[in-house]
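Report on the following structure.
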Amino acid sequence: MSDVVIRPVDASPRSLNDLSDLMIETVANGGSVSFLHPLDEGRAKTFWTGALAAAASGERVVLGAFDGERIVGTVTVFLALPQNQPHRGEIGKLMTAVSHRGRGIASTLMAAAEALARERGKSLLVLDTAEEEGAASLYERLGYIRAGLIPHYAFKPQGGLTGTVLFWKQIAPLPDHA
Ligand SMILES: CC(C)(COP(=O)(O)OP(=O)(O)OC[C@H]1O[C@@H](n2cnc3c(N)ncnc32)[C@H](O)[C@@H]1OP(=O)(O)O)[C@@H](O)C(=O)NCCC(=O)NCCS
């Protein structure tokens, strides 16, 4: 982990390629990140083009874990939520390259995501993960509280329905008013 640096991802062609490659590999290996296998490059790039545009407008932050210039992990913090939930943020699209898993990169990305969310005035984070082959144990280790399970929620990348587990974590004192 010592040689990996966490920072926001810019909207360069290199970032777009790296994030798309990372998502294609993640889906091919059974990761539930909203897509089915095989994920084609065009669909992956369309997704990340939109995500990086939303990041440029401040609606979200896409963090990257950089090994040199290559993005080997990512997580997104969604900041733009309804008017009556300004203190809430959502976490999504947490992925680590297969070659770099088990080194604490996702845990470090999550710590950075929480720090960033706190800086942006967020006190309550919400996320979900697939019941099968998801990251529930990782989130539990990081202090997220399991709110419940919705069965039959989505198809796994290689087919077959799986449930989704909802988690939340309070990361700062709650506001008195909006
Ligand atoms: C979930 C995921 C992001 C974890 O990334 P990571 O950088 O390996 O995470 P960490 O190293 O911080 O922790 C990995 C966990 O796997 C364990 N692990 C150890 N060696 C490992 C290895 N070689 N490969 C994978 N996991 C390993 C760690 O002990 C740790 O255990 P925990 O699940 O009980 O917390 C990664 O596996 C991934 O991209 N999965 C597919 C996408 C996905 O499911 N994302 C979550 C969507 S909500």
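The values are calculated or read from the model by the stated rules, or taken from the named source; none is laboratory data. Just so it is clear, the structure is predicted and the values come from calculations on it, not from any experiment. A quick note on method: Cβ atoms are made from the backbone with ideal geometry, for glycine too, and the neighbour counts reach across all protein chains shown.
Filtering the stretch 125-135 to residues that are within 11 Å of the ligand (Cβ to nearest atom) and surrounded by fewer than 19 Cβ atoms within 10 Å (Cβ to Cβ) leaves E132, E133.
K122 meets the conditions (1) buried (at least 19 other Cβ atoms within 10 Å of the Cβ); (2) outside any strand (DSSP E or B); (3) near the ligand (Cβ under 8 Å from one of its atoms); (4) of a type in the set (D, E, K, R) in every case but one. The failed one is (3). A search for C-beta distances below 6 Å between a residue of the stretch 139-152 that is more than 14 Å from T164 (Cα to Cα) and touching a residue at least 12 places away in the same chain (Cβ under 8 Å) and any residue that is within 11 Å of the ligand (Cβ to nearest atom) and not β-branched (V, I, T), counting only pairs 6+ apart in sequence or on different chains, returns L142/M110; Y144/F167. Residue-level check: of (1) more than 14 Å from the ligand (Cβ to nearest atom); (2) over 27 Å from I24 (Cβ atoms); (3) within 17 Å of the chain's Cα centre (by Cα), L79 misses just (2). Of all the residues in the stretch 25-49, those that are surrounded by fewer than 19 Cβ atoms within 10 Å (Cβ to Cβ), assigned to a helix (DSSP H, G or I) and within 13 Å of the ligand (Cβ to nearest atom) number 2.
Please verify whether Y153 is modelled with pLDDT of 95 or more, part of a helix (DSSP H, G or I) and either within 16 Å of the ligand (Cβ to nearest atom) or within 25 Å of D3 (Cα to Cα) (or both), treating the condition exactly as stated. Before you say what the answer is, go through the steps one by one.
Values: modelled with pLDDT of 95 or more: yes; part of a helix (DSSP H, G or I): no; either within 16 Å of the ligand (Cβ to nearest atom) or within 25 Å of D3 (Cα to Cα) (or both): yes.
Answer is no for this residue.
So in the stretch 100-119, with the set limited to residues that are of a type in the set (G, A, S) and in a loop (DSSP other than H, G, I, E, B), which one is farthest from the ligand (Cβ to nearest atom)? Spell out how you get there, then give the answer.
Within the stretch 100-119, the first condition is being of a type in the set (G, A, S), and the residues that meet it are 102, 104, 106-107, 111-113, 115, 117.
Narrowing the set further to residues that are in a loop (DSSP other than H, G, I, E, B) leaves 102, 104.
Numbers: G102: 2, G104: 4 Å.
Within the stretch 100-119, the match that is farthest from the ligand (Cβ to nearest atom) is G104.
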